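First comes the structure, then the notes that go with it.
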C-alpha cells in the first residue's frame with residue numbers, strides 16, 4: 001500500500017485523486033450536508049488502484065474491472 005494524501009470533505013480533491021473518482025466522492029459528500037466537523041478523506045493506493053476512504057468508513061475505489069465502486073468498510077464483514 002502506498003499512502004497518498006488527505007483532504008477535508010467538501011474541499012476540491014487534490015490532483016493525486018483520479019478524476020474518475022470525483023463524481024462518486026461528490027455524491028458521498030452531498031449526503032454529509034451540515035456535518036460538523038467535516039470528515040476527512042484519505043487517498044491510498046492498493047495494488048495500483050486508488051482507494052479514497054472517508055473517516056466515516058465510506059470507501060470509493062476502482063475495482064479490477066475498471067468500475068468506480070462505493071462501499072462502506074462494514075460491508076466487508078458480511079461478504
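Bear in mind these aren't lab numbers, they're just calculated from the coordinates by the rules spelled out. This one's a predicted model, so the numbers in the text were calculated from it and none came from an experiment. Glycine also receives a Cβ, built like all others from the backbone with ideal geometry; neighbour counts cover every protein chain displayed.
Would you mind stating whether residue 9 is touching a residue at least 24 places away in the same chain (Cβ under 8 Å) and either exposed (fewer than 11 other Cβ atoms within 10 Å of the Cβ) or closer than 15 Å to residue 59 by Cα (or both)? Give the steps one after another, and end with the answer.
Details: touching a residue at least 24 places away in the same chain (Cβ under 8 Å): yes; either exposed (fewer than 11 other Cβ atoms within 10 Å of the Cβ) or closer than 15 Å to residue 59 by Cα (or both): yes.
Yes.
Restricted to segment 29-54, and to residues that are part of a loop (DSSP other than H, G, I, E, B) and within 15 Å of residue 13 (Cα to Cα), which residue is nearest to the chain's Cα centre (by Cα)? Before you say what the answer is, go through the steps one by one.
Within segment 29-54, the subset part of a loop (DSSP other than H, G, I, E, B) is 31-39, 47-48.
Then drop every residue that is not within 15 Å of residue 13 (Cα to Cα), which leaves 38-39.
On the way: 38: 14, 39: 11 Å.
Here the answer is 39.
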